[in-house]
Structure formats: structure tokens, C-alpha cells
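The structure appears below as C-alpha cells.
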Amino acid sequence: MHYKRVLLKLSGEALMGNRQYGIDPERLNDYAKEIKTLVEKGVEVAIVIGGGNIFRGVAGASKGMDRVQGDHMGMLATVINGLALQSACENNGIQTRLQSAIKINEVAEPFIRRKAMRHLEKGRVVIFGGGTGNPYFTTDSAAVLRAIEIEADVILKGTRVDGIYTEDPEQNQNATKFDFITFEDVLKKGLKVMDTTAFTLSQENELPIIVFDMNTRGNLFKVVSGENIGTKVNL
């Protein structure tokens, strides 16, 4: 396999499937099967998952809710999604650990870097919930931060789009897809890959990002195998 240790970033919305909100058990099971193909090949897999299918702090703040309260609700939503993904993985025979940046000791381990790395070395999938544990930071920032901490080889951003385009391909069918792009060019062109904080952190630490379509079966395995799937952002 091309990569030994990966950090997979999934959006909360990805778990909705075709629903308007919540969690689609079939989509969860599909993801667990995709992850299993990597684990069986000896790839060490860590996952950060969003909470947008349940609650978004920014959306709450725009309607008058206190931003800090809203962000804490969003963090809890990521733990709920983490529990759901953990259950789906374990139903598929994958040993999984959920670590949370906010203390919920009854349902998740606290995030401890050395413990997380030990789990990965033992072939367990580690899901990081609770974002960074701080308001005003997105799960994109959490994904980059955790990837750096566990010394991941790459960040795999699984989306419903098959890469980075000049414009939103869902709104403009003539948008052009990039197979490869530098961090500098992403910033120059104003392309939205991750939020600025997360993207800058990834750039400073020379950590490549691959954006790909997670909903196409087999894509995750192809990306980690080194196939030219999606868009790679690198120096």
C-alpha cells in the first residue's frame, strides 16, 4: 500500500445518505466495509468525523444562539456520530476505539496521543470525536491537528464530490477538475478545500491532503493504494 498510516476525514452530512438529517445505517455499513479493506491490508486508520447531520454551531449562532454553546453542541454531535461509526465498524469485525477531546468517560476514552498511536500500531481503528475540544475550531482543524499528532502520512478528505474543481461542479457543469494542485495555488485561486485555519496548519506541516469521492465503492482503497483518484494537494 502507498500509505501506511492515514487520517480519514468524513463530514457529518455524509452519514445522512439520502435522508434530510440523522444517520443512515446503510451508509454507515458501507463506510465500515470500505475501512475494513484497508485494515485487512495492514493500513493504520484514524478517523475524524463531523457533526453537521445533527447540529452545526455556526448555524445555531446565525439564529441567535451563543456561538460557544452551539460549538459545544456540535462537538457532542461528533461523539454521537463516532459512536455510530464505531458500532458499524465493530459489526464488521474491526477493532475500534473512540477517543474524545471532551471528557465523556462513560462512552469514550479521553484523547491521549500515545494511547492513540499504540491502538493504531495494534491494528485498531481510532475515531477522534469532540473536535479539538475548543469552540471556534472546525472538525477540519481537528482532522489536521490529529493527523499531525499521530504522524499520519496523508489526510484523506472523503466527500460526495470526486475532487477539487475550479468552481462548484454541482452548480457549474463546466467546472474543471484538478488532479494535483499546490497549497499555494489553492490559496491564490480561493478554492475551498478546508477552512483557512486547517489548511494553513496542513501546509505548514507539509501534510498532503487528498480530496476524493467517498461514496463510490472501492475509492478509499484505490486512494491508499496510490491510484490517481480525486485531487491531491501538496507542496
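Given a 1.4 Å probe and every protein chain left where it sits, what share in percent of the accessible area of the stretch 129-235 is carbon and sulfur?
44
Looking at this model, which pairs from Lys115/Lys222; Lys157/Lys232; Lys36/Lys157; Lys36/Lys103; Lys4/Lys232 are more than 22 angstrom apart at the alpha-carbon? The partial results should precede the final answer.
Values: Lys115/Lys222 29 Å; Lys157/Lys232 10 Å; Lys36/Lys157 17 Å; Lys36/Lys103 28 Å; Lys4/Lys232 17 Å.
Listed pairs above 22 Å: Lys115/Lys222; Lys36/Lys103.
Give me the mean projected area, in nm² to one decimal, of the convex hull enclosing the Cα positions of the chain. Intermediate results must be reported in sequence, preceding the final value.
Values: hull surface 49.0 nm².
If I average the Cα hull's projected area over directions, I get 12.2 nm².
Expressed in nm to one decimal, what extension gain is obtained for the pair Glu40 and Arg160 from 0.36 nm per residue of sequence separation less their Cα-Cα distance? Could you put the intermediate results ahead of the total?
Working: separation 120, 0.36 × 120 = 43.20 nm, distance 2.48 nm.
My answer for the length gained is 40.7 nm.
If you place +1 on the Cβ of every Lys and Arg, -1 on the Cβ of every Asp and Glu, and leave all else neutral, what size is the dipole of the stretch 1-122 about its Cα centre, to the nearest 20 Debye?
460
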Reported to two decimal places, what Rg/Rh ratio describes the stretch 152-226 when computed on Cα atoms with Rh from the Kirkwood expression?
0.95
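Take every DSSP beta bridge whose two residues both sit in the stretch 143-235, then give the antiparallel share in percent to the nearest 5.
So the antiparallel bridges amount to about 40 percent of the total.
Normalised radius of gyration for the stretch 81-146, please: alpha carbon Rg relative to 2.2 N^0.38 Å, two decimal places.
On the way: Rg = 11.7 Å, N = 66, 2.2 N^0.38 = 10.8 Å.
Output field value: 1.08.
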Work out how much length Lys192 to Arg113 would gain on full extension: take 0.36 nm times their residue separation and subtract the Cα-Cα distance, in nm to one decimal.
25.5 nm
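Compute, for the stretch 15-87, the length of the dipole vector about the Cα centre, with Cβ point charges of +1 (Lys, Arg) and -1 (Asp, Glu) only. Units Debye, rounded to 20.
Details: 8 positive and 8 negative charges, 35 e Å.
It works out to roughly 160 debye.
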Chymotrypsin sites (Phe, Trp or Tyr not before Pro) within the stretch 1-83: which are DSSP loop residues with at most 12 other Cβ atoms inside 10 Å?
Tyr21
All alpha-carbon distances of the stretch 91-190, grouped into 5 Å bins from 0, give the whole-percent distribution 2, 10, 16, 18, 17, 11, 11, 9, 4, 1
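Taking 0.36 nm per residue of sequence separation and subtracting the Cα-Cα distance, how much length would be gained by fully extending the chain between Thr182 and Lys4, in nm to one decimal? All intermediate terms of the calculation are to be shown ahead of the outcome.
Values: separation 178, 0.36 × 178 = 64.08 nm, distance 2.25 nm.
Gain on extension, Thr182 to Lys4, equals 61.8 nm.
Just for the chain, what percent of DSSP beta bridges are antiparallel, to the closest 5?
Working: 5 of 34 bridges.
Here the antiparallel bridges make up roughly 15 percent for the chain.
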The stretch 1-63 shape via C-alpha gyration tensor axes, a/c threshold 1.5
oblate
Rounded Å value of the spacing that divides the Cα centres of the stretch 9-85 and the stretch 201-235
19
Which of Ala14, His2, Gln86, positive extreme of dipole for the chain (C-beta unit charges)
Gln86
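Are there any GluC sites (Glu not before Pro) in the stretch 113-177 that are in a DSSP loop and have at most 15 other Cβ atoms within 10 Å? List them by number. Can you show the working numbers first?
Values: sites: Glu121, Glu149, Glu151, Glu167, Glu170; in loops: Glu151, Glu167, Glu170.
Those satisfying the criteria are Glu151, Glu167, Glu170.
Which percent, to the nearest 5, of DSSP beta bridges fully inside the stretch 92-200 are antiparallel?
On the way: 2 of 9 bridges.
Taking every DSSP beta bridge with both residues in the stretch 92-200, the antiparallel ones total about 20 percent.
Taking loop as defined by DSSP and a crowding limit of 10 other beta carbons within 10 Å, which GluC sites (Glu not before Pro) in the stretch 171-235 fit? Kindly include the intermediate steps, with their values, before the conclusion.
On the way: sites: Glu184, Glu204, Glu206, Glu227; in loops: Glu206, Glu227.
Qualifying residues, ordered by number: Glu206.
Summing -39500 (n - 2.57) over the DSSP H runs of n ≥ 4 in the chain and dividing by its residue number, what mean residue ellipticity at 222 nm do you reach, to the nearest 500 deg cm²/dmol? List each step's numbers first, then the result.
Values: 8 runs with 89 residues, N = 235.
It lands at -11500 deg cm²/dmol.
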In units of 2.2 N^0.38 Å, what is the alpha-carbon radius of gyration of the stretch 43-134?
1.14
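The values are calculated or read from the model by the stated rules, or taken from the named source; none is laboratory data. For clarity, every value in this text was computed on a predicted model and none was experimentally measured. Glycine gets a Cβ as well: all are built from the backbone with ideal geometry, and neighbour counts include every protein chain shown. What goes into the accessible areas is simple: the full protein's heavy atoms, side chains included, and nothing from ligands, DNA or RNA. Shrake-Rupley method; radii C 1.70, N 1.55, O 1.52, S 1.80 Å.
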